[in-house]
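Working notes, structure below.
The values are calculated or read from the model by the stated rules, or taken from the named source; none is laboratory data. Keep in mind that this is a model prediction, so the values were computed, not measured. Please note: Cβ atoms are built from the backbone with ideal geometry, for glycine as well, and neighbour counts cover all protein chains shown. Ligands, DNA and RNA are stripped out before the accessible areas are found, and what is left, the full protein with its side chains, is counted by its heavy atoms. Shrake-Rupley method; radii C 1.70, N 1.55, O 1.52, S 1.80 Å.
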Amino acid sequence: MPPKKRSGSTSNAAPAQSKKSKPDDLPDVEHAGILHESKRWVAVSGSRNLDAEYKHYLKNEDGTEKPYEYICMCRAPWNAGDSDDEEDEEDEDDDDDEEEDETEKTKKPACDGGKTCLCRKPAAEHPDHPWIITNAGFLKFHAQRTMMDLRDPDMWAMYIYNDFHAYGVLEVFENLLLDWLEAEGNWKEQWVVCQTIVWFLLDHASAPMTMIDDGSKLDATVQLAARVFLSMLASLESKKLLSDTSEVKDLGLVMALYMQMAKQYRTDFSLLEGDDQICHFDNYILTYANKFGIPLVGPADIDDIAAGCDGTVKLPAVTAAKPDPWGSAAAIKKHEKEHGTSAGKGKKASIGGDKHDITAFSSAERKAQSFDKKDILGKEGIEALKKGLVLRPA
């Protein structure tokens, strides 16, 4: 698994030009000079290059990996360093040595990124293992962690304003919604985006966005993710891919994770508390699971989560005239009008993009916000960005 984000400020940023500059378990993709012509990005930014890197990976037909084939994770990546699927609290009472010894026997070994655990092993060789994801989903999820680093002033020895990083994380989230919209017509890629969205929302690294001062915008964005997933399930239904034998091998896992996310975001962040159907989208997920006989797997408490939901609600019909009864495409465009922000005077308000990506700033802007009033990228870093390389805080 990738190393955890460093705390505190950094003094240098280096181009990711070798295996040493990125996690060993990510594919070694040659991406220099590969640029993505998307209106979402400015001419030079790390976000643009990350997006290009991912798209190049999908098109790399000579690669040894198949993007949409499944691999194992030994457990949820947000618990990768833990000894079990749930975080263990330190036991402060050391009196009962016998009980502690018994606990040690039942603990799972910590994730070591595939050296001894199941991570990155072909899922086909472990058909009963629930924690699986596509190769593309694995790469895209970890790319989002880098996207968040590019928007964290603390990691770039800078200060901009208190909520800057929080809004930067939200921007990464918004980009995923746009990714789903842009992948229309490619259900496999849309499923990868849905995988990534829920893994992102459950990942501890995305928690800063829950601290933004605009709670209504955050709630609306999370609701939009819920709507997108319901649209995804409707799309799979239309393609006869909702079943316990579907080629979508992690169907029951991803459905369970979205239900887990719904419970967590209500309990921990007071979101998804409205009366409309989207705020209670977990009822619809459970109904889809019940209707099509899809076992929910993964989270240790999924049975308890399901017990708190209504799995008998009426599902909308999917027809040729209305292939997406949940209307996600229209909802994303409406959301952009209502909650988008402008990148500058005279520019149209939008969601996503790289407005909070520090590598997308001008050199003068980075100097003005840095602690030492110097551009942390320097000439070498800027040239690396222009070549299509991805910069990560050192």
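Could you give the accessible area per residue of region 128-276, probe 1.4 Å, as a whole number in Å²?
31 Å²
Run the numbers for residue 42 and residue 348: contour at 0.36 nm per residue of separation, minus the present Cα-Cα distance, in nm.
Length difference between fully extended and current span is 108.7 nm.
Which residues among region 299-326 fall inside the zone where the amide N is under 11 Å from a point 7 Å beyond the Cα of residue 290, along Cα→Cβ?
Inside the label zone: 307-315.
Hey, which of these cross-link pairs are over 31 Å Cα-Cα: 263/337; 337/373; 66/239; 239/387; 249/387?
Exceeds cut-off: 337/373; 239/387; 249/387.
Based on the Cβ-Cβ distance from residue 60 to residue 275, what FRET efficiency comes out when R0 is 45 Å, to the nearest 0.05? Don't skip to the answer; put the middle values down first.
Values: r = 47 Å, r/R0 = 1.04.
Efficiency, from the Cβ-Cβ distance: 0.45.
Could you tell me whether region 188-241 comes out rounded, prolate or oblate from its Cα gyration tensor? Rule is a ≥ b ≥ c as square roots of the eigenvalues, rounded for a/c under 1.5, then prolate if a/b exceeds b/c, otherwise oblate.
Oblate shape, in that a/c is at least 1.5 and b/c is the bigger or equal ratio.
Skipping prolines and chain starts, which residues have an amide H placed within reach, meaning under 5 Å, of the one on residue 111, given they are 5 or more residues away or on another chain?
82
Please report, in cubic angstrom per residue, the volume enclosed by the convex hull of the alpha-carbon atoms of region 235-394.
Convex hull volume per residue, Cα atoms: 223 Å³.
Leaving ligands, DNA and RNA out of it, report the carbon-plus-sulfur percent of the accessible area of region 207-298 at a 1.4 Å probe.
46 percent
Please work out the Cα center distance from region 158-177 to region 113-156, rounded to the nearest Å.
Region 158-177 and region 113-156 have Cα centres separated by 21 Å.
Which whole-Hz ³J(HN,Hα) couplings does region 65-71 yield from phi under the Karplus relation 6.51 cos²θ - 1.76 cosθ + 1.60, θ = phi - 60°, glycine and proline marked x?
With coefficients 6.51, -1.76 and 1.60, one gets 9, 9, x, 9, 7, 9, 10 Hz.
Can you give the local net charge around residue 351? Use residues other than it whose beta-carbon is closer than 15 angstrom to its beta-carbon, Lys and Arg +1, Asp and Glu -1.
It works out to a net charge of +1.
What shape does region 130-240 take by its C-alpha gyration tensor, where a ≥ b ≥ c are the square roots of the eigenvalues and a/c under 1.5 counts as rounded, a/b above b/c as prolate, and the rest as oblate?
Verdict is prolate for region 130-240.
In nm, to one decimal, how far is the residue 382 label point from the residue 312 one, both placed 7 Å along Cα→Cβ?
Between residue 382 and residue 312, the simple spin-label model gives 6.6 nm.
So, by mean Cβ neighbours within 10 angstrom, what's the order for 300-308, 383-391, 286-294, 220-228 with the highest one leading?
In descending order of packing, they fall as 220-228, 383-391, 286-294, 300-308.
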